[in-house]
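The values are calculated or read from the model by the stated rules, or taken from the named source; none is laboratory data. Source: prediction; values computed, not measured. Here Cβ is always computed from backbone atoms with ideal geometry, including for glycine, and neighbour counts include all displayed protein chains. Accessible surface is based on the protein model in full, side chains and every heavy atom, while ligands, DNA and RNA are left aside. Shrake-Rupley method; radii C 1.70, N 1.55, O 1.52, S 1.80 Å.
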Amino acid sequence: MGRFLSLSKPSTKLPLYACSSMAVALTSTFSPRPFFQFPRFKRNPSSLLNSIAPFSVSSQLSNATAEGGSFSGRVGFLGLGIMGTPMALNLIKAGCDVTVWNRTKSKCDQLINQGAKYQASPADVASSCDVTFAMLADPQSAVDIACGVNGAVKGMGPGKGYVDVSTVDGATSKSISESIKETGALFLEAPVSGSKKPAEDGQLIFLTAGDASLYETVAPLLNIMGKSKFYLGEVGNGAAMKLVVNMIMGSMMASFSEGLLLSEKVGLDPNVLVEVVSQGAISAPMFSLKGPSMVQGKYPTAFPLKHQQKDLRLALGLAESVSQPIPMAAAANELYKAAKSHGFSDQDFSAVVEALKANL
Ligand SMILES: NC(=O)C1=CN([C@@H]2O[C@H](COP(=O)(O)OP(=O)(O)OC[C@H]3O[C@@H](n4cnc5c(N)ncnc54)[C@H](OP(=O)(O)O)[C@@H]3O)[C@@H](O)[C@H]2O)C=CC1
Ligand SMILES: O=CCCC(=O)O
């Protein structure tokens, strides 16, 4: 039991509960923090219960239970963009009692038609729900919707929980956490890896940190929306993990873009490059998925370029805070800034290749 009670406390020697082989290597070699991944048992709720049961941190949520791998409380969802809409939709399809709000109200219609309730403000959603999720564009909007006039904080209180799944920096997440917790409610940051299609398919990866009991309570909801989830300890660790992952992704895409253009310029077929890359050590689903449309100059938006640049900017701030040089990411950031200034903000981040074209 003792080893599980240390779940929410940073430690250098925590055993891994269940994880990938990569996570084992990281934990035993580098990680100074708890590093847990729970397996996903979507088709076997009793296995899910067994996997969660050892983490017997009692839930403080009054009307919600996670018994048997389900969640019987009311779920709020704020922010219905590319990611929020399919995530909320999956909760509705799974039978959850979902209440939505979005700045642009018309984006709520699809979900209301599928059975969602609507409230007129984040505060109203939070006061009418047990747990409220927020999937917002950036740090400013995440703070505004949590802490602003008619923000979620106004509707929070003991027995409730707030789960911020937006990609923000650790300082923003901590500030939101403090405001939420001052009301007596619980807070979990849970940014996601995975884009539009994984969100639609319930295949996201949650990078969570904060109140362990809220993590346990919302685990059945995370299991509906995602394929795996990591609990990383203190608030800020989930945000940091997400920014590091997206820093790598942004640099990879910038480098891939250079390769595509260079191959074409020296007379090679960039489609063949995509095929060659897909068979070797640097293969990545991202290259295979986006490469063919990049060659055609098409960038259907899954992950908006402006958000990728935001994440690189936040990763640069994270690196600055610990005096870590990240020259590749800094160079990539300049490229995404150039792409933004040429009007590609709302296209997919693979449009960064346009910033390399000579006529820009
Ligand atoms: N798309 C992706 O592949 C992924 C995105 N993310 C992250 O998830 C978050 C959401 O991304 P995504 O869904 O793609 O983004 P979108 O741009 O599609 O949606 C952004 C959401 O934030 C809302 N919003 C923006 N500014 C404000 C504001 N000032 N006040 C109130 N609401 C606001 C928008 O409302 P409105 O509809 O009114 O504009 C919308 O609901 C971002 O942090 C992103 O980095 C994480 C993983 C993958
Ligand atoms: O933040 C966006 C991540 C996109 C992805 O993981 O494919």
Would you check if VAL153 is part of a loop (DSSP other than H, G, I, E, B), closer than 24 Å to GLN119 by Cβ and either within 16 Å of ligand 1 (Cβ to nearest atom) or open to solvent by less than 10 Å² (accessible area, probe 1.4 Å) (or both)? no
Considering only segment 198-222, how many residues are within 22 Å of LYS160 (Cα to Cα) and within 13 Å of ligand 1 (Cβ to nearest atom)? 2
Considering residues that are open to solvent by 20 Å² or more (accessible area, probe 1.4 Å), under 17 Å from GLY73 (Cβ atoms) and not in a helix (DSSP H, G or I), the number found within segment 102-140 is 3
Out of all the residues in segment 73-82, is one or more over 30 Å from VAL322 (Cβ atoms), outside any helix (DSSP H, G or I) and in contact with a Lys or Arg (Cβ under 6 Å, 6 or more places away or on another chain)? yes
Using the structure shown, decide if TYR336 is of a type in the set (Ser, Thr, Tyr) and either in a loop (DSSP other than H, G, I, E, B) or away from ligand 1 (no atom under 16 Å from the Cβ) (or both). no
Among the residues of segment 156-166, which ones are open to solvent by less than 20 Å² (accessible area, probe 1.4 Å) and touching a residue at least 60 places away in the same chain (Cβ under 8 Å)? GLY159, GLY161, VAL165, SER166
Under the condition of being in contact (Cβ under 8 Å) with a residue 60 or more places away in the chain and open to solvent by 30 Å² or more (accessible area, probe 1.4 Å), which residue from segment 283-315 is farthest from ASN246 (Cα to Cα)? THR301
Single residue of segment 189-198 satisfying the filter (within 10 Å of ligand 2 (Cβ to nearest atom) and within 20 Å of TYR215 (Cβ to Cβ)) that is surrounded by the most Cβ atoms within 10 Å (Cβ to Cβ): PRO191
Kindly provide the set of residues from segment 173-184 that are in contact (Cβ under 8 Å) with a residue 60 or more places away in the chain and open to solvent by 20 Å² or more (accessible area, probe 1.4 Å), ordered by number. LYS174
Flag if ASP311 is touching a helix residue (DSSP H, G or I) at 6+ places or on another chain (Cβ under 8 Å), closer than 30 Å to GLY161 by Cβ and among the acidic types (Asp, Glu): yes
I need every pair where a residue in segment 258-282 that is open to solvent by less than 30 Å² (accessible area, probe 1.4 Å) has its Cβ under 6 Å from the Cβ of a residue that is β-branched (Val, Ile, Thr) and modelled with pLDDT of 95 or more, sequence separation at least 6 or different chains. PRO270/VAL295
Picking from MET253, MET225, the residue that is within 16 Å of ligand 1 (Cβ to nearest atom) and either more than 16 Å from the chain's Cα centre (by Cα) or not assigned by TED's automatic domain parsing to the domain that holds PRO122 (or both) would be MET253
